Amino acid sequence: MSSEKLTTPDLVLLSLLAEQPMHGYEANALLEERKVRDWAGVSRPQVYYSLEKLARLELIEEADAAGEGTGPERRIFATAEAGKEALADALEREEWTQHLERPPFLTWLALSWQCRPGVFKRQLQRRQEFIRGELGRKQKILQDVLSEVGHPYHEAVWMLSFTLDQLRVELAWLEQVARELPKRAARNPVYEAILTGESLRNVDL
């Protein structure tokens, strides 16, 4: 096997095709149905790219010889034994347990003292609205998953419960930031001068 590193889309496809043989179109439909893109960055084009790559590395194999000569969207693949081993090896990587996300909103927050007057509050409100919407959406998905699997001891339930807790914590934190905003120390001197009516000539830039 090649030393080429398997990406997240590769691993998702290996796991999916280990459940049952399918073609690219079916894989994309199942990823959509299971809301996999909520927790893994796997675009529609990446599915077909990964299928070609995994076939080239002999980690998946065609399950239907009649599909020869057709594109990856219609060729039916299954995970080969080598693919199952490669997936198991990849899941032992230490890096899975040693990453922290860098949410774009925190990057924005770090730079937000440069915002124009009123922008901070508007962006904060937008984020709160987004988080509330995601809370409702994830709660609906969780109910659907529980109805389907019939018990709470399932990886999808654990993942959704974790995500819901994160969203609730962020919403509470956003509300705290909104309360503390009037006490904020870092301010853009130009915009502060506009707010206070002070002449720019007196502002230390």
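No value in this document is a laboratory result; all are computed from the given coordinates. Treat the numbers as computed from the prediction; the structure is a model and nothing was measured. Quick reminder, even Gly has a Cβ in these numbers, built from the backbone with ideal geometry, and neighbours come from all protein chains shown.
Can you figure out the FRET efficiency of E155 with R116, using R₀ = 45 Å and their beta-carbon distance, to the nearest 0.05?
Values: r = 44 Å, r/R0 = 0.99.
For E155 and R116, the calculated efficiency is 0.50.
Residue separation of E19 and E81 scaled by 0.36 nm, minus their Cα-Cα distance, works out to 21.0 nm of gained length. When peptides 145-155, 39-49 are ranked by their average number of other Cβ atoms within 10 Å per residue, the highest-first order is 39-49, 145-155. For the stretch 1-64, applying the loop criterion from DSSP together with a ceiling of 14 other beta carbons within 10 Å to the trypsin sites (Lys or Arg not before Pro) yields K5, R34. Taking 0.36 nm per residue of separation and subtracting the Cα-Cα distance, full extension of the segment from E52 to L171 would add 38.7 nm.
Sorted by average packing, counted as other Cβ atoms within 10 angstrom per residue and highest first, what order do 6-12, 178-184 take?
On the way: 6-12: 19.9, 178-184: 9.4.
Put in order of decreasing packing, that is 6-12, 178-184.
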